[in-house]
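The values are calculated or read from the model by the stated rules, or taken from the named source; none is laboratory data. Predicted, not measured: the structure shown is a model, and the values here were computed from it. Note that we place each Cβ from the backbone using ideal geometry, even for glycine, and neighbour counts take in every protein chain shown. These accessible areas exclude ligands, DNA and RNA; they are computed on the full protein's heavy atoms, side chains included. Shrake-Rupley method; radii C 1.70, N 1.55, O 1.52, S 1.80 Å.
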Amino acid sequence: MLKRAVGGVVARRNFRWRWARASSTAEVPKERVECVVIGAGVVGAAVARELSLRGREVLVLDSAPTFATGTSSRNSEVIHAGIYYPPHSLKLSLEDLDAYMPGGQSGRWERAERICEWILGLVATLCARGRDLLYTYCSEHNIPHKQIGKLIVATSTSEIPKLNHIMIRGTENGVPGLHMMEGSEAMRMEPELQCLKAVLSPLTGILDTHSLMLSLVGEAEDNGATFSYNTSVIGGHLEQNRICLHISETKCLENCNGSFPSQPELILIPDLVVNSAGLSAPVLAKRVNGLHDAVIPHAYYARGCYFTLSNMKIPPFKHLIYPIPVEGGIGVHVTLDLDGQVKFGPDVEWI
């Protein structure tokens, strides 16, 4: 798959290349490519689609046999409204960074850390904009989805101030239609619910993530993007301001008993690299020789399980039901899929 995919990209530019096992990095075949996206999950596929629509040459690499085998296939399929995240996330600009960051080489890595914090702070704005774009995309591409709304509930008096804070934060984030209601009103909407107060978020919805992924990948391929599966990025290095990627076929790693081979089978030299490798993204970044740790976000791993409600012909709920958020997550909540299946989860187990 690696040889065929990369060869196809190279062939379209009338380049010739050779394929051989190298005994040293200097002998490893090297190829230039405009854009490489690492990871064929929903983020990688969406990035590949956008780049290809803009006329860029795109190669997507994924170590799995097909797309969306990681976290993209293990989620609640909820379209979030953008309630929980810190407001005014775009207030800090790069010019603001210049105002109080030390200049010159001495402040380089401190500035990089602040930029990372700034990027992470974009979530509130990106979630709200992404919500609207996602609803539009699903409608235009006939992807199954439904705007069913959700209730965030307080089940004790001690949780009511936290619920009020959630309401204020969502309003500051510009989430339309939020409504604080008494428990009696919420329980008229959902008779199986018990709560003292609730916030209604009418813009929250659900979708079929597999159909979304099929559409994104299909559009990217229709616009010339190439997906190379069973292809692993085992590391890389910096060379003249470019990230050079060390590539091997996944089966080679299996033959190495999970360890990385001493030499890659191919070195790709892209103009643009997008690391969308999901949970593996920080680990992969650390394997790029010369990339400073200060620009790599720390990973904090937690595992969550979902529990399915069975033997119910009629779902007991019509809306998504969320508790007050907990540390590390937004709490064990009730989700519905488009078939009416009810799930509870996820719990949080730190690893």
>> Give me the residue from the stretch 164-196 that is within 27 Å of the chain's Cα centre (by Cα) and over 30 Å from L216 (Cα atoms) and, out of that set, surrounded by the most Cβ atoms within 10 Å (Cβ to Cβ).
In response: I166
>> Out of everything in the stretch 172-193 that is in contact with a helix residue (DSSP H, G or I) (Cβ under 7 Å, 6 or more places away or on another chain) and within 25 Å of S156 (Cβ to Cβ), what residue ends up being modelled with the lowest pLDDT?
In response: V175
> What are the residue pairs meeting all of these: first residue in the stretch 234-252, first residue in contact (Cβ under 8 Å) with a residue 60 or more places away in the chain, second residue of a type in the set (G, A, S) and outside any strand (DSSP E or B), Cβ atoms under 7 Å, and 6 or more apart or on different chains?
Replying inline: T250/S63
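Across the stretch 38-62, what is the number of residues that are open to solvent by less than 60 Å² (accessible area, probe 1.4 Å) and either over 13 Å from the mean Cα position of the chain (by Cα) or free of Cβ contacts under 8 Å to residues at least 60 places away in the same chain (or both)?
Residues flagged as open to solvent by less than 60 Å² (accessible area, probe 1.4 Å) and either over 13 Å from the mean Cα position of the chain (by Cα) or free of Cβ contacts under 8 Å to residues at least 60 places away in the same chain (or both) within the stretch 38-62 amount to 10.
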>> Under 6 Å between Cβ atoms, which residue pairs at least 6 apart in sequence (or on different chains) link something in the stretch 63-85 that is under 14 Å from H145 (Cα atoms) with a partner that is among the aromatic types (F, W, Y) and in a loop (DSSP other than H, G, I, E, B)?
In response: none
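Would you point out which residue out of T231, T209, T204 is β-branched (V, I, T) and closer than 30 Å to N289 by Cβ?
Just one listed residue meets the conditions, T231.
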>> I'd like to verify a number: residues in the stretch 199-258 that are under 30 Å from G340 (Cα atoms) and charged (D, E, K, R), how many?
In response: 2
> Take the residues of the stretch 53-88 that are in contact with a Gly (Cβ under 8 Å, 6 or more places away or on another chain), closer than 25 Å to E249 by Cβ and not in a loop (DSSP other than H, G, I, E, B): which is modelled with the lowest pLDDT?
Replying inline: T71
> Which one of these is buried (at least 20 other Cβ atoms within 10 Å of the Cβ) and not in a strand (DSSP E or B): V217, V233, V199?
Replying inline: V217
> open to solvent by 80 Å² or more (accessible area, probe 1.4 Å) and hydroxyl-bearing (S, T, Y) - does that describe any residue in the stretch 258-268?
Replying inline: yes
>> Against the definition (among the aliphatic types (A, V, I, L, M), in contact with a Phe, Trp or Tyr (Cβ under 8 Å, 6 or more places away or on another chain) and not in a helix (DSSP H, G or I)), how does L193 come out, yes or no?
In response: yes
> Out of E113, E95, E50, E117, which single residue is among the charged types (D, E, K, R) and at pLDDT 75 or above?
Replying inline: E50
>> When you check A299 against the structure, is it of a type in the set (G, A, S), surrounded by fewer than 18 Cβ atoms within 10 Å (Cβ to Cβ) and part of a loop (DSSP other than H, G, I, E, B), yes or no?
In response: yes
> Quick one: in the stretch 308-351, which of the residues that are in a loop (DSSP other than H, G, I, E, B) and at positive phi is most open to solvent (accessible area, probe 1.4 Å)?
Replying inline: N311
> Taking the stated definitions as given, is D271 at pLDDT 95 or above, open to solvent by 60 Å² or more (accessible area, probe 1.4 Å) and farther than 17 Å from V78 by Cβ?
Replying inline: yes
> If the Cβ limit is 8 Å and pairs must be 6+ apart or interchain, which residue in the stretch 183-211 that is more than 10 Å from K150 (Cα to Cα) pairs with which residue that is part of a helix (DSSP H, G or I) and modelled with pLDDT under 95?
Replying inline: T209/S72; T209/S73; H210/S73
